[in-house]
1. Based on DSSP H runs of at least 4 residues, each adding -39500 (n - 2.57), what is the mean residue ellipticity at 222 nm of the chain after dividing by all its residues, to the nearest 500 deg cm²/dmol?
2. For the chain, what's the relative contact order in percent, using C-alpha pairs closer than 8 Å and at least 6 residues apart?
3. What are the ³J(HN,Hα) values, in whole Hz, obtained from phi via the Karplus relation 6.51 cos²θ - 1.76 cosθ + 1.60 with θ = phi - 60°, for each residue of the stretch 24-37 in sequence order, with x given for Gly and Pro?
4. Given a cut-off of 30 Å, name the pairs among K47/K90; K42/K92; K104/K179; K90/K192 whose C-alpha atoms lie farther apart than that in the structure shown.
5. Please calculate how many Å² of accessible area the chain carries per residue, with a 1.4 Å probe and no DNA, RNA or ligand atoms counted.
6. Of the heavy-atom accessible surface of the stretch 72-199 (probe 1.4 angstrom), what whole percent is carbon and sulfur?
7. Can you list the HN-Hα couplings for the stretch 152-160, worked out from phi with the Karplus curve (6.51, -1.76, 1.60; θ = phi - 60°), rounded to whole Hz and with x for Gly and Pro?
Amino acid sequence: MKIIRLIALLFPLIVSAKEVKVYAFIGELIEYRKVDYQEYYKLDKEKSPVYFDQMFVAKYKILQPVCNEFKSEIIEFVSFDHYGVPPMYKEKNPIVYLGFDEEKKEYFQYKYTWDQALFINNNWYGIFDYLIADLLEIYQPITVRFPYVYNREEYERNHFLYPDTHFEINPSGQSFVTKVYDIYDLAEARIKKINSQLD
């Protein structure tokens, strides 16, 4: 029964992802390194474009494919970030969204795009993100009560980041996530967002 449900959930993602070439997985960082894009791509420093973002090459272990197939359990891809080390690298198990550059024959992270995944009761779930809140409205969240650390001051300052519908801080200061999403539902919403940005 679980296999049938997995196929049913994965099928629409595979169909839509073929159009925008999105590859998604839950991963675990193995290593990353900052590189000079001109040296990495062997570009003429006088003629190559100037990038304001810093370039990184990351290697991840694929814990669970979410959208499209991968040829191995380890994947390497390039990332760019304007503010230093991509925050995704600090996340224990992010949902990584990649494209594939046919010309360069390499995977690349869709710019600044990733999601948080939590492993609860032997299942992966996704965390609410205000950037795709409107796209998540069609999906039914799942009720949980799972310890989830977030900054109380940031919560007070930007309440929309951690709405009471999905997060809770009790009087003693303990924080919890109270609503999560099926991992495939969250990925489908995120891929719709990626697709809209590519149009």
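1. The helix-only estimate for the chain comes to -7000 deg cm²/dmol at 222 nm.
2. Contact order relative to length: 19 percent.
3. 10, 7, 8, x, 9, 5, 9, 6, 8, 9, 7, 10, 8, 4
4. K47/K90; K42/K92; K104/K179
5. Per residue, the chain has an accessible area of 61 Å².
6. Roughly 50 percent of what the probe reaches on the stretch 72-199 is carbon or sulfur.
7. 5, 5, 5, 4, 5, 6, 10, 4, 5
The values are calculated or read from the model by the stated rules, or taken from the named source; none is laboratory data. Please read all numbers here as calculations on a predicted model, not as lab measurements. Only protein heavy atoms, including side chains, enter the accessible area calculation; ligands, DNA and RNA are left aside. Shrake-Rupley method; radii C 1.70, N 1.55, O 1.52, S 1.80 Å.
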